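One structure below.
The values are calculated or read from the model by the stated rules, or taken from the named source; none is laboratory data. Not measured: the values here are computed from a predicted model. Cβ: placed from backbone, ideal geometry, glycine included. Neighbour counts: every protein chain shown. What goes into the accessible areas is simple: the full protein's heavy atoms, side chains included, and nothing from ligands, DNA or RNA. Shrake-Rupley method; radii C 1.70, N 1.55, O 1.52, S 1.80 Å.
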Amino acid sequence: MSSNHSLKGHAAALFSVLFWGTTFISTKVLLKAFTPYEILVYRFLIGFLILWLIKPGKDTQVLLKKKSDEWLFFGAGFSGVTLYFLMENNALTMTSVSNVGVIVSTAPFFTALMAHFLLKNEKFRPSFFLGFLSAMAGIVLISYNGSAALALNPMGDLLALAAAFIWGIYSIFTKKISDLGYNMIIATRKIFLYSLP
């Protein structure tokens, strides 16, 4: 991998992290006017339309390599969009933004755990655990920096933990879709379509 390509990848990852970090707060604000379900529908309808604008024209439909691949798209849409965001949005109605942000940050752990057992060539490395613990410590320090008090809200916190687990399942589906060589913009749009009831 070229250094320029690697730099672009790191920049995209940083942008994603910064953008993703704002979603907990913006969702909490939106919950004053919308239900968790309405936020889910509007968010992914807008996302679907934006992805359509990014990749318009012909050859924008996913041409399945096997009929059974349809289940991968359905599984990704149902787990990573419908279930994950319904759980996260509902968790935000029951517990604090800080709690949800910290708990949902365990998603990479669940992803690595599932990948280790369900995918080939995905093994645990000591560096993963060290990096995960360091990242979690940083997230906790930022989220609970003295201005926010740690207060457990069992139902909301458990929903956030379930959302993190579901994200691990979604990650396995998207990894399988990516490994099959599907264009990820078009594939993501198809996943979004499955998530819209």
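Ligands, DNA and RNA left out, the accessible area of the chain computed with a 1.4 Å probe is 72% carbon and sulfur. Projecting the Cα atoms of N89, F165, N153 onto the dipole axis of the chain, where Lys and Arg carry +1 and Asp and Glu carry -1 at the beta carbon, places F165 farthest toward the positive end.
For the chain, the solvent-accessible area of protein heavy atoms averages 61 Å² per residue (probe radius 1.4 Å; ligands and nucleic acids excluded). Taking the longest Cα principal axis of the chain as reference, the axis of helix 126-143 is set at about 50 degrees.
Add +1 for every Lys or Arg and -1 for every Asp or Glu among the other residues with Cβ under 14 Å from the Cβ of F192, and state the total. Present the calculation step by step, with values, prior to reporting the outcome.
Details: positive: R43, K55, R189, K190; negative: none.
It works out to a net charge of +4.
Residues of segment 33-56 with an amide N closer than 15 Å to a point placed 7 Å from the Cα of L196 along the Cα-to-Cβ direction: 38-56. In this simple spin-label model, placing a label point 7 Å from the Cα along the Cα-to-Cβ direction at both W52 and L180 gives a separation of 2.3 nm.
Whole number please: convex hull volume per residue, Cα atoms of the chain, in Å³. Mind showing how you got there, number by number?
On the way: hull volume 29.7 nm³, N = 197.
About 151 Å³ per residue, rounded to a whole number.
Helical runs assigned H by DSSP (4 residues or longer) give the chain a calculated mean residue ellipticity at 222 nm of -24000 deg cm²/dmol, each run adding -39500 (n - 2.57) before division by the residue total. With the charge dipole of the chain set up from +1 on Lys and Arg Cβ and -1 on Asp and Glu Cβ about the Cα centre, the Cα lying farthest toward the positive end among the listed residues S105, F74, T22 is that of F74. As a calculated quantity, the FRET efficiency between L158 and S3 at R0 = 30 Å, using C-beta atoms, amounts to about 0.10.
Packing around the peptides 8-20, 38-50, 81-93, 184-196, taken as the average count of other Cβ atoms within 10 Å per residue, puts them in this order, highest first: 81-93, 184-196, 38-50, 8-20.
If each residue of separation counts as 0.36 nm, what is the full-extension length gain between H10 and A135 once their alpha-carbon separation is subtracted? Present the calculation step by step, with values, prior to reporting the outcome.
On the way: separation 125, 0.36 × 125 = 45.00 nm, distance 1.63 nm.
Extra length from H10 to A135 when fully extended: 43.4 nm.
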